[in-house]
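These notes concern the structure reproduced below.
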Amino acid sequence: MKVMTRVMALLIILSVAFVFSTPALAAMDHGMKKCGAAMDGSGGKHSGGLGWKATLTDSQKGKIDMLHLGLSREMSTLKAELMLRLAELNGLVTEETPDTGAVNKKIKEVAALKERMMKAKYSHIMDMRKVLTPAQRVSFDLGLVSGAAHGGGRKGGPHGQGKMMH
């Protein structure tokens, strides 16, 4: 019974945090302010020239901002769900006599959520590339493959899911 109480408390906390964070996320300029130099990992410039962000048109900025906002919303929901499933998993494991089948089922749920998060992230990257010109894509891709793009070199990327989030 203690486990259910802890899970319910966690669910309430996550729900409240999500409700209060959504308006703040909507008000932020995700594409330009939140990501900043983290997108290419070099303060907005690659060695040898301007980074892709410096060459964005206003139209591209608007489209990218909307992409970032959509990803941020999706990731917030998925992350809250993941945290709940992990709390449930911990509850199952710490029972007096853990049910291996239930634990394994919960692990599959956690893995499925992580898969959804990865798919959302890479779909976002592909959508971002569609907005960019061929020259901008070269700069964007250089940052991506170097591990510097999308928070690759930092803990807690801009959308809150460990390293390479964006």
FRET efficiency, 1/(1 + (r/R0)^6) with R0 30 Å, evaluated for Asp58 and Tyr122 via beta carbons: 0.65
Under a point spin-label approximation (7 Å from Cα along Cα-to-Cβ), what is the Glu115-Thr77 distance to one decimal in nm? 1.9 nm
Figure the gain on full extension for Asn104 and Ser146 (residue separation times 0.36 nm, minus the Cα-Cα span) and round it to one decimal in nm. 11.5 nm
FRET efficiency for Leu86 and Arg129, Cβ-Cβ distance as r, R0 = 41 Å, nearest 0.05? 0.80
So, over other residues within a Cβ distance under 12 Å of Ala111, counting Lys, Arg +1 and Asp, Glu -1, the net charge is +4
Apply the a/c threshold of 1.5 to the C-alpha gyration tensor of the range 75-121 and tell me whether it is rounded, prolate or oblate. oblate
Can you tell me which aspartates and glutamates have their Cα less than 19 Å from the Cα of Lys79? Leave out same-chain residues fewer than eight positions away. Glu88, Glu109, Glu115
Most packed first (mean Cβ within 10 Å per residue), the peptides 79-88, 119-128, 54-63 order as 79-88, 119-128, 54-63
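Coordinate-derived values only; no laboratory data. Nothing here was measured: the structure is a model prediction, and the numbers come from that model. Cβ sites come from the backbone with ideal geometry, for glycine too, and all protein chains shown count toward neighbours.
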